[in-house]
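One structure is given below, encoded as structure tokens.
The values are calculated or read from the model by the stated rules, or taken from the named source; none is laboratory data. All values derive from a computational prediction rather than experimental measurement. Cβ coordinates were reconstructed from backbone atoms using ideal geometry, including for glycine residues, and neighbour counts include every protein chain displayed.
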Amino acid sequence: MFYGLNKFIKRILPKQLFYRSLLIVALPVILLQITISIVFFDSLWIKTNIGMTRALVGEIKTFIKLYNSEDADKIYLESTFEENMDIDVIYFQKKKFSEVMNEKWYSPIDRSLRRELKSKKLKYWFDTSKFKNTVNLKVEGNDGYFEFFIPRERLTSTSVRIFALWITLPAFLIIAIAIIFLKNQTRPIKKLAEISKKFGRGEEIDEFVPSGASEIRQAGYEFEKMRKRILRHLNQRSEMLSGISHDLRTPLTRMKLQLALIKDKNIVDRFSNDIDEMEKMLNEYLQFSSESNKEQTEKFEFNELIQNVITQFNNDLITFNKGNYFLFNGRKLSIQRCLNNLIENSTKYANKIEISLNVLKSNILIFIEDDGLGIPIQERENVFKPFYKIDKSRSEKNSSVGLGLSISSDIIRSHGGKIELGESKLGGLKVVISLPF
Ligand SMILES: Nc1ncnc2c1ncn2[C@@H]1O[C@H](COP(=O)(O)OP(=O)(O)OP(=O)(O)O)[C@@H](O)[C@H]1O
Ligand SMILES: [Mg+2]
């Protein structure tokens, strides 16, 4: 049961930190306002009203009693009453009032007036809303009736509006200040989340300046330190690798020159094949590392990019199921290189090729399927290793290096994505690429 309640509360609670914090600030303020208002309304305002109404009805009853006494000086009594009580009174002799009373059940003034008049056993009619600041009251006398015009302030305390104003105004003020303050507090967290997302996708980040409360700022500083360390580490590694690859070219060239001096044709052929292959490996790696280091992220349409890569192959057996129009922010040339590697593999190891693009809620999926031999499950991890080829017979004729898949996976991962191999319905390999945005 508690679990269900917990789930329900979680569902109705706002999800964002800003709204949650606002709720924490605003809810007690609103509850406090409501409690104070109820207490004030009930125990102060209504009770004061009842007291005032009781006094007024008492005065009216006294006046009527005196007026009806036999030796009363009616004119003197009327003028004294009007002067001292601030109430206008007219006496209609030998007349009866016949209007139907239009009492408002929801008005506390009407309610307490009715109650007091009834308890004094008077026959009455009143209207509290006909005039703005005056209450109209008629009371039956001995042979006729009295009509009174009573200032509203004799029946009710007018402080209620001022009180309502003073109680709601600070509440609004507190909530407005809280909104401004909380917006400023949640902005740095949002910024940090955005920057982390960008970094995960391998996008360019300008210098990130942490801001906000000290804990958030601390998290920002730590993130920035970690980002710089990772970047330094990555750069160091790729610089070292390109350095080695670059330096290896010199002894290779020397070996090539020395080969020319060897007389045995057989040995020369075998060695020069190996040297050529090594040279190709180095060139391939150097080209990749120099390209990927320089490239900046940019916005491009994904369908268009895939179509461009396919067009370059000029192959009728490649089909493409387009996805929705989608602008992707990434390193265009690298992605193009990755798709090129994968499609090239399929053209090398299969005939028919099917490519499709799916744009989902927070990522895009690219499927590349072919009807070739496929890659056995136990080899699916290995083929991503640099210079790994499944078996020589498959790839030798095509003079391959074994870097294609490892470069592709490197590019996808640097965009925060995933690349997976599987079995295609066409019989061959299925490559699934997922890229977040
Ligand atoms: N579509 C495919 N169908 C069957 N086998 C494949 C397919 N793609 C890759 N392979 C196998 O995986 C191995 C590794 O592929 P990878 O692209 O890394 O290297 P490569 O194609 O041999 O050389 P490179 O791409 O560097 O010229 C290949 O040698 C091949 O045996
Ligand atoms: Mg390849």
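Where residues in region 422-437 are surrounded by 19 or more Cβ atoms within 10 Å (Cβ to Cβ), of a type in the set (A, V, I, L, M) and more than 27 Å from the chain's Cα centre (by Cα), which of them is nearest to ASP370 (Cα to Cα)?
Per the stated criteria, the residue is LEU429.
Can we say ILE343 is assigned by TED's automatic domain parsing to the domain that holds ILE412, surrounded by 17 or more Cβ atoms within 10 Å (Cβ to Cβ), part of a helix (DSSP H, G or I) and within 16 Å of ligand 2 (Cβ to nearest atom)?
Details: assigned by TED's automatic domain parsing to the domain that holds ILE412: yes; surrounded by 17 or more Cβ atoms within 10 Å (Cβ to Cβ): yes; part of a helix (DSSP H, G or I): yes; within 16 Å of ligand 2 (Cβ to nearest atom): yes.
Against the criterion (assigned by TED's automatic domain parsing to the domain that holds ILE412, surrounded by 17 or more Cβ atoms within 10 Å (Cβ to Cβ), part of a helix (DSSP H, G or I) and within 16 Å of ligand 2 (Cβ to nearest atom)), ILE343 qualifies.
Mind checking which residues of region 124-151 are outside any strand (DSSP E or B) and without any contact (Cβ under 8 Å) to a residue 24 or more places away in the chain? Break it down into steps so the answer makes sense when it comes.
Taking region 124-151 as the starting set, the residues that turn out to be outside any strand (DSSP E or B) are 128-133, 141-143.
Hits for region 124-151 are LYS130, PHE131, LYS132, ASN133.
Condition test on LYS348, is it free of Cβ contacts under 8 Å to residues at least 60 places away in the same chain, of a type in the set (Lys, Arg), away from ligand 1 (no atom under 16 Å from the Cβ) and surrounded by fewer than 19 Cβ atoms within 10 Å (Cβ to Cβ)? Working first, answer last.
Values: free of Cβ contacts under 8 Å to residues at least 60 places away in the same chain: yes; of a type in the set (Lys, Arg): yes; away from ligand 1 (no atom under 16 Å from the Cβ): no; surrounded by fewer than 19 Cβ atoms within 10 Å (Cβ to Cβ): yes.
No: the conditions fail for LYS348.
Against the condition within 30 Å of PHE18 (Cβ to Cβ), surrounded by 16 or more Cβ atoms within 10 Å (Cβ to Cβ), modelled with pLDDT of 90 or more and of a type in the set (Val, Ile, Thr), how does ILE180 come out, does it pass? Step through it out loud before you land on a result.
Numbers: within 30 Å of PHE18 (Cβ to Cβ): yes; surrounded by 16 or more Cβ atoms within 10 Å (Cβ to Cβ): no; modelled with pLDDT of 90 or more: yes; of a type in the set (Val, Ile, Thr): yes.
Answer is no for this residue.
Looking only at residues that are at pLDDT below 90 and either under 22 Å from TYR19 (Cβ atoms) or hydroxyl-bearing (Ser, Thr, Tyr) (or both) in region 195-212, which one is surrounded by the most Cβ atoms within 10 Å (Cβ to Cβ)?
So the first thing to find is which residues in region 195-212 are at pLDDT below 90, and the list is 197-212.
Within this subset, residues satisfying the condition of being either under 22 Å from TYR19 (Cβ atoms) or hydroxyl-bearing (Ser, Thr, Tyr) (or both) are 197, 211-212.
Numbers: LYS197: 13, SER211: 13, GLY212: 19.
For region 195-212, the residue satisfying everything is GLY212.
Of the residues that make up region 407-420, is at least one within 16 Å of ligand 2 (Cβ to nearest atom) and farther than 24 Å from GLN287 by Cβ? Please lay out each step first, then the result.
Residues of region 407-420 that are within 16 Å of ligand 2 (Cβ to nearest atom), as a first pass: 407-412, 419.
Next, from what is left, pick out any that are farther than 24 Å from GLN287 by Cβ: none.
Taking every residue of region 407-420 in turn, none turns out to be within 16 Å of ligand 2 (Cβ to nearest atom) and farther than 24 Å from GLN287 by Cβ.
In region 356-383, which residue that is away from ligand 2 (no atom under 16 Å from the Cβ) and of a type in the set (A, V, I, L, M, F, W, C) is nearest to GLU304 (Cα to Cα)?
Here the residue is LEU357.
Read through the list (1) more than 43 Å from the chain's Cα centre (by Cα); (2) modelled with pLDDT under 85, then give the number of the only condition that ASP247 fails.
Evaluating ASP247 over (1) more than 43 Å from the chain's Cα centre (by Cα); (2) modelled with pLDDT under 85 leaves (2) as the failure.
Name the one entry in GLN16, GLN33 that is at pLDDT below 90, in the same structural domain as PRO108 (by TED's automatic domain parsing), within 25 Å of the chain's Cα centre (by Cα) and not aliphatic (A, V, I, L, M).
Values: GLN33 fails: within 25 Å of the chain's Cα centre (by Cα).
The match here is GLN16.
Restricted to region 351-375, and to residues that are surrounded by fewer than 17 Cβ atoms within 10 Å (Cβ to Cβ) and either β-branched (Val, Ile, Thr) or not in a loop (DSSP other than H, G, I, E, B) (or both), which residue is nearest to ligand 1 (Cβ to nearest atom)?
Within region 351-375, the match that is nearest to ligand 1 (Cβ to nearest atom) is PHE367.
From the list ILE167, ILE174, ILE195, which residue is closer than 27 Å to PHE328 by Cα, touching a helix residue (DSSP H, G or I) at 6+ places or on another chain (Cβ under 9 Å) and either among the basic types (Lys, Arg) or assigned to a helix (DSSP H, G or I) (or both)?
ILE195
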